[in-house]
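Just below is one structure, and these are the notes that go with it.
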Amino acid sequence: MNNFKEIAKLIKKHKKDINLFYKLLDLKEWGEYFERLVQLSELKKDKTTLLAILKRLIDLKEENLVQEWKKNNFKEEKIVELKHKFYLEVKQFYELEHQNLINEIADKKLLNEFYQTLIQGVHNIGVVINAFEISWTKEIIEKNNKILASQFPNLNDAISFLQKNGLYQTTPQGEICERSYGILIRIGNLWKFVPYARFFENETLKLEFAFDEMIDKLKIFAKEQDEIAYIKYFEKLKAAFCEKDESKIIGAWQEAELAWMDVRSPLQVGHPLEYYEDHYTHAVALEWDIRLEDESDFNALNFSNEIKQSFIRVYENINIEDEKLKKEVLNNIDKTQLYICTPMIFYGAELKGLFSAQVVPNDEFVSNIAGKKIFAFLNFVYENALTQPFMKIASEVFDKEFLTYGREILFFKEDIWKRVYEISTIGHEFGHIFFIANDSEKKMNKSGFFKNIEEYKATTGGLVNFFFNEEENLKMPVFHDLIKRSISLIAWQKVDEVQPYYTEGLIHLSLLFQSGVLSFKDNQLKINFNLEFYEKFKLIALNTYYELARHYVLKLDAKDFLNHFCNIENEVFMPVLLECREFVQFYYSLYEKIGNEVDDSGEFEYYKSKKC
């Protein structure tokens, strides 16, 4: 008997205990462990430094510490060195935390022998991937990408060079794959592209051993269909990690993901799927985790039906026929598996940030056969939001009435908050499926900017679904969430791995300014937060989405759409619309100065006390 519900409670308790570290912000003494981390940061001992360290440990976000190092004029080499030191600290903390959770589950006998062996095996593999991630980052992000950036200041030129020189991986059909599981090697002026298993031989051997050890034990206990499916998946995944033949590697990963789609257990393993970190070769990052199905009242079937009808309505409105694409999208929606879940244990790239939600696999060959899986971390994200201290920058930018509106929902209207999450975040993940064909990314990514419009397309797809299925009491909460999130995304202006979300925010902001919802004058932001301007924004957002949908159906270069809203200036994207640009410059400048400062007005403590 597997007591997944009790395990979900244990996970929540462990996470709640970690979140309690935020209480240190109210104390004068921080304890030996955090005193040591402050010394490690080489920053002065104050509340701002502590908050940046807490964000790194609790929320797994690097950008707050990086911002403090930049503010204190640390050189880039020093920042890279310190980032690695903190990664090792976070790695050590969570390896111990995860093993303690696994031991507690074993002590309470909450899982059968198969699943207990599985979670321990996944942890053992995770420890290897944690070390592997260090080598991956140093070679691909900090070495190769730096060289490419210096040789080719323009991303288009770099991608053209890579394609002309065959520095990519191909599908079993011989086509260029839009992602890779390999690394560039430079010898003199010559470049080669080799699979992970050939370059990272020691790490791959350790992975192979850890997989074999787990699989051999699992075979002893496997009885149920899901258990047998897991063994097949792990065997295929091990083969993909260990594949050294350049011509076979994409096929091996496709086989692993097809096997993964057959695993329908409440306990899901997540493997390397995303490539946000690498703009050049789209090397898939070393993610590894278990996410466990969580309790929820969300009606997935109703939502899926609404999503399908919304897609059909947009498709019919744009007046471009592509029946093959339409059928492909509707089939993908029908085959999508939705999991409301919570992160259980996590490793590698995920020690630098967890997902709010996710739709995978990205490989459309796999999705055409087996569909997709959507993971939404509803309760996890909500509990995290409750523990986040209010930030000074929010009170500097937003008026109190606007802030109060959102805080009242967060602390006292949990049902509304969760409905907004469903509309915006789960809607976002379904929105990724809209207008995507087997070759869309390949054709639209010629300039390397597909992801930079895809995140906007996803969020607005969810938003359009709401526009077509409005509930009166949710209009303003959804509107509030969009405005606040779009502005907050400006903080990611110089964080490469989340650049697509930053450019998404710039497109939303451009439309918010164009519709008159936002205006900026004399360093003051005015927000017309009412139903009249909700309707004005809805109209311009719908028309923009129709244009974007046409862009996708015609499979045009993503850069052509993006350039309507923003262009690269001094290596960062900036809005085309002057008023929007001035606000973005103002906000980011303010973020550089006070982005890590806590609001000391007592508002957070007031809401926490009322919530309790």
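The values are calculated or read from the model by the stated rules, or taken from the named source; none is laboratory data. On a predicted model such as this, the values are computed, not experimentally measured, just so you know. So basically every Cβ, Gly included, is an ideal-geometry build from the backbone, and we count neighbours across all protein chains shown.
Remarks
- No other residue among Glu213, Glu203 is outside any loop (DSSP other than H, G, I, E, B) and surrounded by 19 or more Cβ atoms within 10 Å (Cβ to Cβ) apart from Glu203.
- Cβ-Cβ distances below 7 Å connect the following pairs, each with a first residue in segment 194-212 that is closer than 22 Å to Leu184 by Cα, a second residue that is among the β-branched types (Val, Ile, Thr) and surrounded by fewer than 20 Cβ atoms within 10 Å (Cβ to Cβ), and a separation of six or more residues or different chains: Val194/Ile185; Phe199/Ile185.
- Tallying residues that are closer than 16 Å to Glu63 by Cα and not aliphatic (A, V, I, L, M) within segment 588-612 yields 8.
- Residue in segment 372-382 that is more than 28 Å from Ile11 (Cβ to Cβ), crowded, with 18+ Cβ neighbours inside 10 Å, of a type in the set (A, V, I, L, M, F, W, C) and at pLDDT 95 or above present: no
- Failed item in (1) closer than 19 Å to Asn156 by Cα; (2) in contact with an Asp or Glu (Cβ under 6 Å, 6 or more places away or on another chain); (3) among the aliphatic types (A, V, I, L, M), with Met574 passing the rest: (2)
- Residue check, Leu354 of a type in the set (A, V, I, L, M), in contact (Cβ under 8 Å) with a residue 24 or more places away in the chain, touching a strand residue (DSSP E or B) at 6+ places or on another chain (Cβ under 8 Å) and not in a strand (DSSP E or B): yes
- Test: Glu81 is surrounded by fewer than 17 Cβ atoms within 10 Å (Cβ to Cβ) and over 17 Å from Lys217 (Cβ atoms): yes
- Some residue of segment 285-296 being part of a helix (DSSP H, G or I) and either surrounded by fewer than 17 Cβ atoms within 10 Å (Cβ to Cβ) or charged (D, E, K, R) (or both): no
- Helices (runs of 4 or more DSSP H) completely within segment 413-492 that count 2 or more residues being touching a residue at least 40 places away in the same chain (Cβ under 8 Å) and farther than 15 Å from Ser356 by Cβ: 414-421, 440-444, 450-468, 475-488
- Hits in segment 335-345 - residues which are over 14 Å from the mean Cα position of the chain (by Cα) and either farther than 20 Å from Glu455 by Cα or acidic (Asp, Glu) (or both): Lys335, Gln337, Tyr339, Ile340, Cys341, Thr342, Met344, Ile345
- Consider segment 244-274 and keep the residues that are free of Cβ contacts under 8 Å to residues at least 40 places away in the same chain and in contact with a Leu (Cβ under 8 Å, 6 or more places away or on another chain). The one that is nearest to Asp289 (Cα to Cα) is His271.
- Residue list for segment 102-143, filter: closer than 16 Å to Gly182 by Cα and either touching a Ser or Thr at 6+ places or on another chain (Cβ under 8 Å) or not polar (S, T, N, Q) (or both): Ile129, Phe132, Glu133, Ile134, Trp136, Lys138, Glu139, Ile140, Ile141, Glu142, Lys143
- Selection from segment 147-189 of residues that are surrounded by 12 or more Cβ atoms within 10 Å (Cβ to Cβ) and among the basic types (Lys, Arg): Arg179, Arg186
- The number of residues in segment 430-458 being farther than 22 Å from Ile487 by Cβ and either β-branched (Val, Ile, Thr) or in contact with a helix residue (DSSP H, G or I) (Cβ under 7 Å, 6 or more places away or on another chain) (or both) comes to 16.
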